[in-house]
Amino acid sequence: MVHSARWTDEMKSIDGGRPQDIIPLCGYGVPDEDIAAYSSEKYATYVFENELKPYKSGGTNTYNEMHFYALPWPVDVLEAMHDEVVTLRITLSYYVEPAPGKSGKNNKYRYPSATLRFDVKTPIENDSEFLARHNKLEGKKTSDNNSTRWNIGQQRRERGTVQSDWFSCTAQELASCGQIVVFPGPGWWKERKLENVDNKIKYSLVVSIQTEKTEIYQAVETAIANRIAIPISNHY
């Protein structure tokens, strides 16, 4: 429902149409039943469901797993589309266990059992640079995130357990953005004895590509058939 939601023209007119002003009043907008239920030739959707162990025991609990998805991207088709504008939308949804007691009411990092976040490779990064940017065990960090490309923005979308965001770029640029990472953030599980908690978060990740002119659904379907995306469990 959230992934299919769109702002109406009236919503977009609020305070000059800035997303940071629209979100508090309208959320992600009005769900579109057709988008929620069906793909089309110019709108293709991937859906991933998985679970992640966010923390591991130690002297103090530390971050444990992150998941990297190498999408079955129709790279040749996207590159052949050159400067045609395409839109990538991602929605991450997960459940948390609220903190028992009063501490969770006064601290946003202690209310959820754990938090999850997502990021997408930039067009100017190679795969190794993207991995190293999120995991120091993969090597020295040599690249930076481009947070300005998103409509909602990383800080605002990460405030909830349903996070949806999108950006538009040329098809040629999108051809180089076929990796997504889901990684953990703070939560009260990190401060507790892990043997006393479940320490697993189930999540859903929805990824859509929308084109303006070129029909892309069949190309995505063929890419999936040739190479089914498998998440790589990566440890800190």
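Just so it is clear, none of the values below were taken in a lab; they were calculated from the coordinates. Values in this document were obtained by computation on a predicted structure and should not be read as measured data. Cβ coordinates were reconstructed from backbone atoms using ideal geometry, including for glycine residues, and neighbour counts include every protein chain displayed.
Whole-Hz Karplus values for region 113-119 come out as 4, 6, 10, 10, 9, 9, 8 Hz, taken residue by residue from phi with 6.51 cos²θ - 1.76 cosθ + 1.60 and θ = phi - 60°; glycine and proline positions read x. Toward the positive end of the charge dipole of the chain, with +1 on the Cβ of Lys and Arg and -1 on the Cβ of Asp and Glu, the farthest Cα among Ile35, Asn196, Leu25 is that of Asn196.
How big is the Kirkwood radius of region 1-138, worked out from every pair of different alpha carbons and given in Å to one decimal? Radius from the Kirkwood sum: 19.1 Å.
Selection among Leu131, Ser176, Ala70 by position relative to the dipole of region 39-235 gives Leu131 as farthest towards the positive end (Cβ unit charges, Cα centre).
Once fully extended, how much extra length lies between Gln172 and Thr8, figured as 0.36 nm per residue of separation less the alpha-carbon to alpha-carbon distance?
56.1 nm
Distant-in-sequence amide contacts of Ile152, defined by a placed amide H-H separation under 5 Å and a gap of 5 or more residues or a different chain, comprise Trp166.
One chain, two ends: Gln20 and Asn226. Fully extended at 0.36 nm per residue, the span grows by 70.2 nm beyond their Cα-Cα distance. With the helix formula -39500 (n - 2.57) applied to DSSP H stretches of n ≥ 4, the chain reaches a computed 222 nm mean residue ellipticity of -5000 deg cm²/dmol.
As an equivalent ellipsoid, the chain spans semi-axes of 31, 23, 16 angstrom, where each value is the square root of five times an eigenvalue of the C-alpha gyration tensor, largest first. Three principal axis extents of region 21-67 based on alpha-carbon atoms, in descending order, are 50, 31, 14 Å.
For region 163-204, the spread of Cα coordinates along the three principal axes comes to 48, 17, 15 Å, biggest extent given first.
Remark: relative contact order (the chain) = 37 percent; criterion is Cα-Cα distance under 8 angstrom and separation of 6 or more residues. Karplus-based coupling profile of region 200-210, in residue order and whole Hz: 9, 10, 8, 9, 10, 10, 10, 10, 10, 10, 10, with θ = phi - 60° in 6.51 cos²θ - 1.76 cosθ + 1.60 and x standing for Gly or Pro. Altogether, the Stokes-Einstein calculation at 37 °C and 0.692 mPa s, with the Kirkwood radius of region 112-152 over Cα pairs as Rh, returns a diffusion coefficient of 284 µm²/s. Between Glu79 and Lys140, the FRET efficiency estimated from the beta carbon spacing at R0 = 22 angstrom works out to 0.15. Using only side-chain charges placed at the Cβ, +1 for Lys and Arg and -1 for Asp and Glu, the dipole size of region 12-75 relative to its Cα centre rounds to 320 debye. Distance between the modelled labels on Ser57 and Thr214, one decimal in nanometres: 5.2 nm (7 Å Cα→Cβ projection).
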